[in-house]
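S.K.: The structure under discussion is supplied below as C-alpha cells; questions concerning it will follow.
None of the figures in this text is laboratory data; all of them are computed from the coordinates on show. All values reported here derive from a predicted model rather than from experimental measurement. Every residue, glycine among them, receives a Cβ derived from its backbone with ideal geometry; neighbour counts consider all protein chains shown.
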Amino acid sequence: MAEPANGIRERVFLVVVDESPEMPNALRYACRRAKRTGGRVAMLYVMPPPEGQQWGSVVDLMRQEARQEAEAVVARHAETASSLTGQPPSIYIREGKSRDELLKLIAEDRSISVLVLGASSKGEGPGPLVTAFTGKTGSQLRIPLTIVPGALTDAEIDAIS
C-alpha cells in the first residue's frame, strides 16, 4: 500500500458482513469514519464450511451455492458502502469459522487498521464475535476494536462518527 505524501497511511475499517440486524450499524459507522478520515472500508464475509460427509460433487455444489449467496449479500452492502464513502470497499469472501478467518485476514493484510463490529441489541448477548474479541481472543488482535451498539439510529451513528 502506498503512503500519501504526508507519510500517514490510509486507515482501513474492516466490517464483518452477515445478515445480523446489527451489522448495518457497524457498516454505517465504518463508512462514516472512513469518509471523515480519508480512509477506506473493507468487508469480510465468512461462509461456513459444508457440513457432513457428502460426496465431492455435492460438496462442490454446496460451496458454489454458498459462494453465490455470499456474493449477493456482499454486493448489496458494498453498494451501501460505496454510496456512503464515495469509493468501492475492499471485499474478502472466505470459508471457515468467522473468528479464525477474521484473525487470519487481519494478520495477512497489514493495511487493516480498525475492526468494527456491531453488538446485538437483543437480550441474548452482544454476539459471538463481540464476545470472543472482548474476552480471551481479544489479545490476538493487533488493531483497535470498535463496537457499535445495535440499537443506535442512523442519526445517532452519524452524530458520533
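S.K.: Looking at (1) assigned to a helix (DSSP H, G or I); (2) surrounded by 18 or more Cβ atoms within 10 Å (Cβ to Cβ); (3) small (Gly, Ala, Ser), find the lone condition where Ser113 falls short.
M.R.: So Ser113 meets the others, but not (1).
S.K.: Filter the range 34-62 for residues that are in contact (Cβ under 8 Å) with a residue 12 or more places away in the chain, among the charged types (D, E, K, R) and loosely packed, with under 15 Cβ neighbours inside 10 Å and give the result.
M.R.: Arg36
S.K.: Same structure again: Take the range 74-89 and flag every residue that is of a type outside the set (Lys, Arg) and either surrounded by fewer than 17 Cβ atoms within 10 Å (Cβ to Cβ) or over 21 Å from Ile112 (Cβ atoms) (or both). Full working, then the answer.
M.R.: Residues of the range 74-89 of a type outside the set (Lys, Arg): 74-75, 77-89.
Listed by number, the residues that qualify are Ala75, Glu79, Thr80, Ser82, Ser83, Gly86, Gln87, Pro88.
S.K.: Please go through (1) surrounded by 14 or more Cβ atoms within 10 Å (Cβ to Cβ); (2) without any contact (Cβ under 8 Å) to a residue 60 or more places away in the chain; (3) within 14 Å of Arg28 (Cα to Cα) for Thr153 and return the number of the only condition it doesn't satisfy.
M.R.: Condition (1) is where Thr153 drops out.
S.K.: Shifting gears a bit: In contact with a Ser or Thr (Cβ under 7 Å, 6 or more places away or on another chain), outside any strand (DSSP E or B) and not aliphatic (A, V, I, L, M): does that describe Gly138? First the steps, then the outcome.
M.R.: Numbers: in contact with a Ser or Thr (Cβ under 7 Å, 6 or more places away or on another chain): no; outside any strand (DSSP E or B): yes; not aliphatic (A, V, I, L, M): yes.
When the stated conditions are applied, Gly138 does not pass them.
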